[in-house]
Each structure stands twice: as C-alpha cells, then as structure tokens.
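The values are calculated or read from the model by the stated rules, or taken from the named source; none is laboratory data. Computed from a prediction, not measured in an experiment: that's the story for all the values here. Because the Cβ atoms are built from the backbone with ideal geometry, glycine has one as well, and the counts that use them run over all protein chains shown. Each accessible area value is taken on the protein alone, full model and side chains, heavy atoms only, with ligands, DNA and RNA left out. Shrake-Rupley method; radii C 1.70, N 1.55, O 1.52, S 1.80 Å.
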Amino acid sequence: MKTTLMDGSEIVGNYSYQSGEVNKDQSAVKYQYIDSIRGIAILMVVLVHTMVGIQNLDRVTDVFAKYCQMGVQLFFVASAYTLCLSTKNRSHEKRPLRNYAIRRVFRITPIYWLGILLYFFISYLGVYNLAFFDIRNYTALNLLANFLFLHGFLPSANNTIVPGGWSIATEMTFYLLFPMIFKFTSRFINSYSKIFLFVAMGIIVAQGLVQLFSWRGLYLANNTFLYFNIANQLPCFFIGIAYFFYLKLGEAKYSWYLDLFGCCFLTIACLLLWYLKIGYLFSWIPVISSLSFVFLIELFRKNKGLNIRLLGEIGRVSFSMYLFHFLFAFGLDFLPLSWRSYGVFSLAFYFLLVVLSSYLVAKISFVTVEKPFIGLGKKLIDSIGR
C-alpha cells in the first residue's frame, strides 16, 4: 500500500520513495491513516456543499452539515503534518529548498490552472445561475491573481474564480512560509512544553493579525475574506506541525478512548461557538476544530480497522475531488425542488450521488493530470541533480 503525500511523493514505513531509501521491514500500511483522513476531509467538504440545495433539513442535521465546512481545516492540519514527514525524509538532499519548490509547483499548479479554465468556460456559457459562476468576476486582475496564487490577498479574486479557491491560496501561502517555520521548529522544539508554546505563538500571531486587519476595516465572520485569509488560518497549520513533533518526541501512552473524548469534546465546543454567531469568536473555530482533528488523526493512526480501503481511495484523489465536486453539488439546483425536499433522506441520496460523480471525475483527473505532472516534477529534479 502506497500513501501519497501532499507533494506527490509516496511513502512506505519511515522513508520516501523519492529519497531512494525504503525500509521494507516496516508495515506497508503504516501511513494509510493519512489517506483515510484526507478521505474524511473531502467527504465533509462535499457534504456541506451538497446540503445547500436540500430543503427541510432538521436542526441537528443542518448544524452538523454546516460544520462539515471544517473539512478544509482538516486538510490544513494533514497538509502541515505530511509536509513535515516528507521534509524529514528528504533531509539528505543537497538542494532541498529548490526541490521543495519544484514539487509544490508541479503538485498544485497544473490541476488548479485547469480548474481556472474549466470554471471560466462554465461561467462564460452561463451554465449555472449562481454568484460563484458570474462571468463578471473573471477580470484580468482576478485571473492573474489566481494564476499566480496571490488571490488570498485580493478580496475580489479570493473565492470568485475557482469555487473553494480560497483554500488553495491559503495553502500556497503556507507553502511559502513552511521551510522557514520548519527550520525554526526543528531547532526550537525539543520538549512537550515547547510544542504548546509553539502553538500558542501561532494563535497569538494570528489573533493579532486578525485584530489589526479588523481595525483597518475588514470584518471577520464565517466565509468572509478575513476568515479565509492565512492570517486567520495559520494556527491550523501550526497545529499540524506541532502534531508531527509530538510524535517525533515520543507520543504519550494513553487509550484511544481519550482521543475519541477529546475529538467529541472539542467538536461540541466548536458547535457552541457556531451557535452563538458572534463574528469575532468565529476566528477561534478553525483553531479549536484543528485541535479536535489531531485527536481524530490519532484515532485513525491507532486503530487500523478504521482505515477502510474505500476511504483511502477517496483520500488519494481528494485534491481533484475538491476542485471538481462543485460541478455536481451546485448542479442539484437543476433538479425539481420537490426532489430535494425530503430532508435528511434527500441529503443522503444526493450526497452519495455527488461523491460518486466527483470521485469518477477525480480519478480521471488524478491519472491524466496530477500523476503525470508529479512525475514530471520528479524527472526535473533528477535531471538537474538532487
């Protein structure tokens, strides 16, 4: 069983195939939980976007489905953690920073640029009568910002060219910061207390930036520009990095029941904050949800039986699913309203339909676009020397 990291490398046991070092005595499923977690993350995201077109949902289902937007934060935590893994496995490389940049570009750029072109033509043809697909959004400046992954700093381009594109901007900004952060943490973190200190630093910096931007007129609430911005989402990545060092230092020995409790307790805390609907407090929901996701990842890491094959398969194509599931989730508006009015039964049926459709398209995209360009990046690194 191979597990693909965010940069496209495949790991077995403690080593990366790209490094040329594979410990074959290690379990082939050691990192299967990473794919499972990505599978959960994309299923959460698909659910929240599917529920938009469903009528007559009961209160509990409605709140749960809306909370599933935190699947993006689960992606952020998993991304930071796996980046730490792959960076550690490549510590032998002579040009690690250059190779890191090449892997980032060939991993993200081709499929995202394809998404830009796809959604531009869909908007141009007027297929969807939704604000997401307004052709007036596709100005030269907004397009350029998205092609250069700078749309996280431009409100008009942030989430208007590719649906959900805000998270790609935030992710790419983190990629730019990661080498410096990892170098610092590798030297700084040598105890559990410093792990907590590191996370606290991230939260303090993020909250300080959020306050600064708020004073300059940016309003923070769910799905606003400031909410999407790296300034607000930074602690999610810090928590993923902290989780890596927690395992590196030697995990604390305790039952997985505590992981289950921690995940549930923190999730309930997030739901309570959500219910309060206080704008500024919403900046804490990504932080608390990310902490809950660390317990969730631990659950899957410790309990191999949770890592079912189907979940892993979905996780392996989750990036393409993220970009293309909007086509099907928002396409529910074409269906008669009466078909979408049976509450949780309609949600369950159409959720499965959107997941299946998105998975099939993502599988094709993964094979024809993602893997070839990841392979091209590997060849480029090999050709110019590691």
Q. When ligands, DNA and RNA are left out and all protein chains stay put, how many square angstrom of accessible area per residue does the chain have with a 1.4 Å probe?
A. 46 Å²
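Would you work out the relative contact order for the range 54-196, in percent, from Cα pairs under 8 angstrom that are 6 or more residues apart?
16 percent
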**Q.** Cut-off 11 Å, label 7 Å out along Cα→Cβ of S156, residues of the range 120-143 by amide N
**A.** 137-143
Q) Longest span of the chain, sites excluded, free of GluC sites (Glu not before Pro) in DSSP loop with at most 14 other C-beta atoms within 10 Å? A) 22-250
Q) Is the shape of the range 23-159 best called rounded, prolate or oblate, per the rule: a/c under 1.5 gives rounded, else a/b larger than b/c gives prolate, else oblate, with a ≥ b ≥ c the square roots of the Cα gyration tensor eigenvalues? A) oblate
Q. Restricting attention to the range 188-295, which trypsin sites (Lys or Arg not before Pro) occupy a DSSP loop and are surrounded by at most 11 other Cβ atoms within 10 Å?
A. R216, K253, K277
Q: Assign unit charges at the C-beta atoms only (+1 for Lys and Arg, -1 for Asp and Glu), then state the dipole size of the range 207-317 relative to its Cα centre in Debye, rounded to the nearest 20.
A: 160 debye
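Could you compute the longest span of the chain free of chymotrypsin sites (Phe, Trp or Tyr not before Pro) located in DSSP loops and having at most 13 other Cβ atoms within 10 Å, not counting the site residues?
Working: sites that count: Y219, Y254.
With chymotrypsin sites (Phe, Trp or Tyr not before Pro) excluded where exposed in loops, the chain gives 1-218 as its longest stretch.
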Q) R0 = 45 Å: FRET efficiency of S186 with L335, Cβ-based, nearest 0.05? A) 0.30
(Q) Here are labelled values, (1) 132, 20, 11; (2) 44, 25, 18; (3) 31, 25, 23, and one is the computed semi-axes √(5λ) of the Cα gyration tensor in Å for what I pasted. Which one? (A) (3)
Q) Normalised by the residues of the chain, what does the relative contact order come to in percent, with Cα pairs under 8 Å and at least six apart? A) 27 percent
Q: Enumerate the calculated ³J(HN,Hα) couplings along the range 59-67 in order (Karplus 6.51 cos²θ - 1.76 cosθ + 1.60, θ = phi - 60°), each rounded to whole Hz, writing x wherever the residue is Gly or Pro.
A: 4, 5, 5, 4, 5, 4, 5, 5, 5
Q: Mind running the shape call on the range 263-386? Use the C-alpha gyration tensor, a ≥ b ≥ c as the square roots of the eigenvalues: rounded below 1.5 for a/c, prolate if a/b tops b/c, oblate otherwise.
A: oblate
Q) How far is the Cα center of the range 213-290 from the Cα center of the range 167-211, in Å? A) 13 Å
Q: Kindly identify the range 155-305 as rounded, prolate or oblate by the Cα gyration tensor criterion: order the square roots of the eigenvalues as a ≥ b ≥ c, call it rounded if a/c is under 1.5, otherwise compare a/b with b/c, prolate if a/b is larger, else oblate.
A: prolate
Q.
From the helices alone, meaning DSSP H stretches of at least four residues, give me the mean residue ellipticity at 222 nm for the chain, per-run term -39500 (n - 2.57), in deg cm²/dmol to the nearest 500.
A. -22000 deg cm²/dmol
